[in-house]
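Okay, so here's the structure we're looking at.
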Amino acid sequence: MKETTMATMAQTEHVKVTVKDLKGKVDPDWCPGCGDFGVLAALKQAIAELGLQPHTVLTISGIGCSSNLPGYLNTYGMHTLHGRALAVATGAQLGNHHLKIVVTGGDGDGYGIGGNHFVHAMRRNVDLTYIVMNNQIYGLTTGQLSPTSSKGMNTKSTPFGSVENPVNPIPLAIAAGATYVARGFTGQQKQLVELIKGGLQHRGFALIDTFSPCVTYNHDNTHEFFKQRTRKLEEMGHDPTDVHAAMEKGWLWGEVIPIGLFWRRQDLPALDQLEPVLGAGGPLAHRPLGVAPDIARALIAELM
Amino acid sequence: MRRLDLAIGIGGAAGQGIATPGDILARIFVRRGLHVNAYNAYQSIIRGGHIFLTLRTSDQPVLSQGDKIDVLMPLNQDTMNRHLKLMRAGSAVLFNSDTIKPGVVPDGVQLCPFSVKALAPTTRGDLVQNTLALAAVLRLIKVEFEILEEILTLQFRRKGAAAVAENVGVARAGYDYAATHFTALPFSLPDTGKRLAFFEGNQALAMGGAAAGVRFYCAYPMSPSSGVLHWMARHARQLGIMVRQVEDEIGVINMAIGAAHTGCRAMCATSGGGFALMSEALGAAAMMEIPVVCINVQRAGPATGVPTKTEQGDLWQVMGAGQGDYPRIIVAPTNIGDCFKVVPTLFNLVDKFQCPGIILSDLLLSEGRSSIDPAELDFNVPIDRGDVVGLNGDGPPVNGGFKRYLVTESGVSPRALPGTPGYVHVVATDEHDEDGVLISDEFTDPHKRQAIHEKRMRKMDGVLPLLAPPVLHGPADAHVTLVGWGSTEGVIREAMQQLAEAGIVANNLQIRWLVPLHAEAIVSILSRCRAVIIVENNYSGQFARYLRAETGIVAGGHIRKYDGEPFMPHHIVDGVTAILAGSTKRYVPVHEIQV
Ligand SMILES: Cc1ncc(C[n+]2csc(CCOP(=O)(O)OP(=O)(O)O)c2C)c(N)n1
Ligand code: SF4
């Protein structure tokens, strides 16, 4: 756990947080059986197990079925624009680096419209935990091609089969500079909870791409599909500090689809740790406004 | 002796060293307490092309770049050819006769050739001609050599004593040569005993942000707004401002919103194209009710347009930016000093009303430079963060009952910052209820939607009374009222002086707060005016259309310019004369200097 969060929590650390405490104001409106329920449950479990106080967590999402998640969670939340969650989260993290920021959303949101922010948030190693509910389809807009849809897939916007190659977020994230790269599956709850906990404890950018099947629009990549193919990396003897092995495993797709922690690097500082303006001071958001008279004089002197 | 009103034009290709002599001259003037206005006409190339810097100084405030050049310093033949025909009697042209041939000059123009080879035979380096010309100009306007010596010493100190001696020697040669060969100009350069500051509009905006307490600034480079980023980046550590260059303008505004949500005052700047990318997120800020300030430094459009040229063509864009109706505050500062002052005022408003604020600058203001009395740069400004619970991370817990979007009469609901115990809530860009719960899809309830939408929009009613209504500047009973907005204030006011000399009494109504607009005040002022002419730097009369929409006022005449260069005072004088004479209703001046 990072020091700063500990400091914020100190005031209220005696209050034990349960999964029940993390229930939001309303129940999810997801289709029964939607994989996103599993992500929500795992996230709540992870927060509770780590003892994070709800008011110290800020959950930020974009737009999509999956991005509705912050509304179902009792933490501070922002339900922003389609594709923009990571940009908003970067600003929020630098604005108050004592907050624990979780970003949630869909594959279309993150890898499609948000692709540019995705790459740049990772190269900056912003201290964020990014959970992508990857259902390889656009759910909320009723079943069109997503950037992760398989080649050949029939969707509403590709009735004759997609001819495009899907994006592969795992090698992309490793190459872009994410320092914690994992893949989960809602059918493996225990592992997913551990992966999210690992991400929340990681100081830097953590991606947890999560297979979260859309029962309504994706009839190819179903729960059953993943159940038959996913294999845990820890059972495959994978070493998450070996970047070449991580890349190689990241490219595996077929009869065996690895899930678990692909890559972790703990020797790189997160963006806020590199920013001299933050230094040892508290969150920017809490600092007093105003320019000291001697600095104001110096600024004016520059113009004379 | 004439009253001091001296314009020096320095022209050449990019890379020929126009900025340095310009800066030195400006510094000399403001250190004597003289007012300065500088406008640099340039192109988007690193080397070559044609650049023309007009530096105008006076013992009175200088309102625009003016109409004339008293001293021309052409650094290449091209500049000589382009600008010579505009020189008037009493003016002087200083040039290196080794490489530049004089053209035919109008009567009374003094040609002042000097030979770099003869005056600085042992000195190498391309910029010798600039030093010689600079020294000669100073002699022509009777500035003591010691002042130049002091500046050159400061400037070359880092390169060592030999470099200082060499440059001072060259300057001396130019100065002495001018003393014996050229006739001094009929200006005396007084020393008011007071020092003025000199800065560009972008610096003013950035410093205004610092004064306002901006803690987060991010941007993606785009001319002519990048100066704000540069100033912020340079001063970030000194001021404790998080400054970031971001992947694109969509990222910029969203990051600013993220930082603002945590409680930082957050600002960003861009030009029209970047602003277009920010549109959706501005609406998001309004929907989530997060205060944020965005500066749009307009350049000539559409699309990539003319990156180094000025225009007031984005008014409709900023008014219509983003889908749907939402509260926003739009202000157009009217001069460079105002760029500084407007930022803290706007931040107090957006914090109070929890909505986005837009500052509509343009290249003329943002890259134009002007002197200012340092006493006007007051960093000790009032700060009003509005209704924020637990700004310092503490607040009485209300056990989950917090309604972030409580419907109130003012439309403003208390805001709680993430991290505050007891106020956990979710903000959303989807339509939501008072407590942040979405009503966008299955829970949609027309009554709730109407109530929450009205709550947001009601804020605008609260903004208007806090904005100073525009006031008529000049004689109340004028033949003609010139209406302008934003950056055209200075040139309109100078044109008024010229019109007065020609027997036409004009006054000026300059609009600063664009949204919300003081429509009633404007109607009551303009309904008493004899003739109304609207002056703006765009083709379609964006402000004229807006004014008509908001007030029903149809102006009798329009003066518009959209060639990329700002108005010169005589353009407006010519337009007013033509319109009052009935020869046209829409006057488009021809910009005679080719830059
Ligand atoms: C700028 C913009 N373009 C398009 C949309 C419409 N839109 C909403 S959600 C979505 C895609 C959702 O897919 P994904 O991110 O994979 O999430 P899912 O619904 O599958 O969880 C789209 C295209 C939008 N809201 N904003
Ligand atoms: S459409 Fe698909 S992704 Fe959306 S809620 Fe239903 S099952 Fe989930």
* To do: Report yes if B:R82 is surrounded by fewer than 17 Cβ atoms within 10 Å (Cβ to Cβ), among the basic types (K, R) and more than 24 Å from the chain's Cα centre (by Cα), otherwise no.
  => no
* Do we have any residue at all in region B:184-195 that's open to solvent by less than 10 Å² (accessible area, probe 1.4 Å), touching a Leu at 6+ places or on another chain (Cβ under 6 Å) and not hydroxyl-bearing (S, T, Y)? -> yes
* Asked: Within region B:29-40, can one find any residue that is among the charged types (D, E, K, R), touching a residue at least 40 places away in the same chain (Cβ under 8 Å) and within 14 Å of chain A (Cβ to nearest Cβ)?
  -> yes
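The rows are residues; the columns are (1) within 16 Å of ligand 1 (Cβ to nearest atom); (2) in contact with a helix residue (DSSP H, G or I) (Cβ under 9 Å, 6 or more places away or on another chain); (3) over 29 Å from A:L52 (Cα atoms); (4) of a type outside the set (S, T, N, Q).
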position: A:A206; (1), (2), (3), (4): no, yes, no, yes
position: A:S212; (1), (2), (3), (4): yes, yes, no, no
position: A:Q228; (1), (2), (3), (4): no, no, yes, no
position: A:L233; (1), (2), (3), (4): no, yes, no, yes
position: A:G237; (1), (2), (3), (4): no, no, yes, yes
position: A:I259; (1), (2), (3), (4): no, yes, no, yes
position: A:R264; (1), (2), (3), (4): no, yes, no, yes
* Scan region A:44-82 residue by residue and report those that are more than 15 Å from ligand 1 (Cβ to nearest atom) and either more than 10 Å from chain B (Cβ to nearest Cβ) or basic (K, R) (or both). => A:K44, A:Q45, A:A46, A:I47, A:A48, A:E49, A:L50, A:G51, A:L52
* To do: Confirm whether A:N134 is within 12 Å of ligand 1 (Cβ to nearest atom) and at pLDDT 95 or above.
  => yes
* Structure fact -> Pairs returned, first residue in region A:214-226 that is near ligand 1 (Cβ under 10 Å from one of its atoms), second residue that is not in a loop (DSSP other than H, G, I, E, B), beta-carbon separation under 8 angstrom, 6 or more apart or interchain, are A:Y217/A:Y138; A:Y217/A:T155
* Among residues of region B:196-235, those that are open to solvent by 20 Å² or more (accessible area, probe 1.4 Å), within 14 Å of chain A (Cβ to nearest Cβ) and polar (S, T, N, Q), counted -> 1
* Structure fact -> Matching residues in region B:519-560 (open to solvent by 30 Å² or more (accessible area, probe 1.4 Å) and part of a strand (DSSP E or B)) number 1
* Structure fact -> Within region B:249-269, the count of residues that are of a type outside the set (A, V, I, L, M, F, W, C) and over 24 Å from A:L289 (Cβ atoms) comes to 2
* Failed item, numbered, when A:V277 is tested on (1) within 14 Å of chain B (Cβ to nearest Cβ); (2) touching a residue at least 12 places away in the same chain (Cβ under 8 Å) -> (2)
* Asked: How about region A:1-109: which helices (runs of 4 or more DSSP H) wholly inside it have at least 3 residues that are modelled with pLDDT of 95 or more and open to solvent by 40 Å² or more (accessible area, probe 1.4 Å)?
  -> A:36-50
* For region B:174-183, which residues satisfy the criterion of being open to solvent by 50 Å² or more (accessible area, probe 1.4 Å) and not hydroxyl-bearing (S, T, Y)? -> B:D176, B:H181
* Asked: Does region A:83-96 contain any residue that is near ligand 1 (Cβ under 9 Å from one of its atoms), facing another protein chain (nearest Cβ under 10 Å) and in contact with an Asp or Glu (Cβ under 6 Å, 6 or more places away or on another chain)?
  -> yes
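The values are calculated or read from the model by the stated rules, or taken from the named source; none is laboratory data. Computed from a prediction, not measured in an experiment: that's the story for all the values here. Backbone-built Cβ (ideal geometry, glycine too); neighbour counts: all protein chains shown. Just the protein is used for accessible areas: all its heavy atoms, side chains included, with ligands, DNA and RNA removed. Shrake-Rupley method; radii C 1.70, N 1.55, O 1.52, S 1.80 Å.
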